[in-house]
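Single-structure report; data block below.
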């Protein structure tokens, strides 16, 4: 057993080095979070903005994004990331360090898990499957909640395998701690370990399943651990917490998303994309699935626990109405366990060699979605343009119209950033209707007369417990090109970042207050003639 611990330590180091190598080459939000649909990792900009602010200003319990309270999720990711930024400086490596550690720790747990129950070859199989999985590889190298949540879930379920009844204190308390950490990472998604344990208490072998009083006890302790933050926000920021955390994140996105998104059935949406990004894992899991079913029917505790875990995750992401490919990350670790544990032992040495070759193949730059390099193969075209703008050191606010930067500009040390969307259907307003009342999202007509409206919005924000005007008009909704031109004319001291299809309308308006500066074939800047130089507040950038 001591030899397995040393091998596990080597696996942890190797996994971390593998995941961390070149992590700083891909800018914030530049990777593809959904390579099948070519969707960039926009959420990383939001998480980075909150973490940078937390590291610089404190306020560790309450995430703030662009001046507004951001209580859609608990703060554990932001806290860990902010601590990393304070300890190691402002860099992409520090920003992504919590995810890197989570990804490598999960790999180590799978290795030890399989090594103790099925042997070393099974452990190596699990690690190679996990590290070669493109979604896992991508999200372990981003400032995202998903791999952190998955790692806490793996650790919690691993505690159950050590003592299925949770009779011993180490198993019981480790499960409680990791389950609480999962909830403090991603809200209701963190309930997955508890739900899997409850299902196992119902379907597990009678002599090995935990009694229901133990489930209630564990649930009570988890509740006590997560209660302080939830009660604090409910008392101090009641309206923000209830609206962000409950009404929008859980009820609106869970039951009636503001946009329809994909019309595919949820189960097919995730299975299709998981197969396209990692056919090796899907085929391996499908081949050994009958072996799992046989073990389940025989009443094997580990098989039933794994089946309960997979069932709870798949049912949860299928029932949640908002389609979001990163949710599939929660399935990857249990599928790796399934494949590694139920491949016949006589074939495992050969399987490990084949998987090592497949991992090498996936590292070769390719335009295939199953390649480990594919998610970083289409960087944001806006990133170098905004970097060049930042180097000008201008003091003006920047208004990005129909932005193509995935909000990475929110992580740059600019005086003020606003986003304007040509949105005649008012989809922007449907995402968070209360932002309109608070003045965070405003129509173009209101922004044109912002001086008159600011006191009204400031008063409403103060009533919600936020004594700041920073979030006012961070999002502007324009109905058409004419609205954009009026915004330009009413804000002669603002800089603009615009798509080139707006250039004819801008030229027709002939703004004498601004100068057109071409940026690329698709974008140009409109720089106010009046500006003063300024000093960057940060010595190093997230670029």
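Each reported figure results from applying straightforward, stated rules to the coordinates on display, with no laboratory input. Predicted model only: the values in this text are computed from it and were never measured. Because the Cβ atoms are built from the backbone with ideal geometry, glycine has one as well, and the counts that use them run over all protein chains shown.
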Query - Cα coordinate range in the chain, projected on the principal axes (Å, largest first) - result: 79, 51, 44
Query raised in the report: Given R₀ = 41 Å, FRET efficiency for residue 449-residue 21 by Cβ-Cβ distance, to 0.05?
Result: 0.20
**Report entry** More than 20 Å apart - percent of Cα-Cα pairs taken over the stretch 3-108
**Finding:** 47 percent
**Report entry** Degrees, to the nearest 10: 192-203 long Cα axis against longest axis of the chain
**Finding:** 30 degrees
Requested in this report: Go ahead and run the numbers for FRET between residue 297 and residue 36, Cβ-Cβ distance against an R0 of 41 Å, rounding to 0.05.
Outcome: 0.70
Query raised in the report: Over the C-alpha atoms of the stretch 18-173, what are the Rg and the largest Cα-to-Cα span, Dmax, in Å?
Result: 17.1, 52
**Report entry** Extension gain (nm, one decimal) between residue 202 and residue 86, 0.36 nm per residue minus Cα-Cα
**Finding:** 37.2 nm
Report task. Calculate how steeply helix 279-297 sits against the longest principal axis of the alpha-carbon atoms of the chain, using the helix alpha-carbon long axis, and give the answer as 0 to 90 degrees to the nearest 10. Result -> 40 degrees
Report summary line: Among the stretch 471-501, those whose backbone N falls under 17 Å of a label point 7 Å along Cα→Cβ from residue 381 are 497-501
Query - Model label zone, residue 283; criterion: amide N under 16 Å from point 7 Å along Cα-to-beta-carbon; scope the stretch 355-372 - result: 355-362, 369-371
Query raised in the report: Taking 0.36 nm per intervening residue step and subtracting the Cα-Cα distance, what contour gain separates residue 505 from residue 361 on full extension?
Result: 46.9 nm
Query - FRET efficiency for residue 231 and residue 251, using Cβ-Cβ distance with R0 set to 30 Å, rounded to 0.05 - result: 0.90
**Report entry** Mean projected area (nm²) of the alpha-carbon convex hull when the stretch 315-390 is viewed from all directions
**Finding:** 8.4 nm²
Query - Stretchable slack from residue 162 to residue 459, in nm (0.36 nm times residue separation minus alpha-carbon distance) - result: 101.4 nm
Query raised in the report: Along its principal axes, what span do the Cα atoms of the stretch 382-528 show, with the longest given first and each in whole Å?
Result: 44, 30, 27
Query raised in the report: For the Cα atoms of the chain, what angle does the longest principal axis make with the long axis of helix 120-131, in degrees from 0 to 90, nearest 10?
Result: 10 degrees
Report summary line: Honestly the stretch 109-198 on the Cα gyration tensor test (a ≥ b ≥ c root eigenvalues; a/c under 1.5 rounded, otherwise a/b vs b/c for prolate or oblate) is just oblate
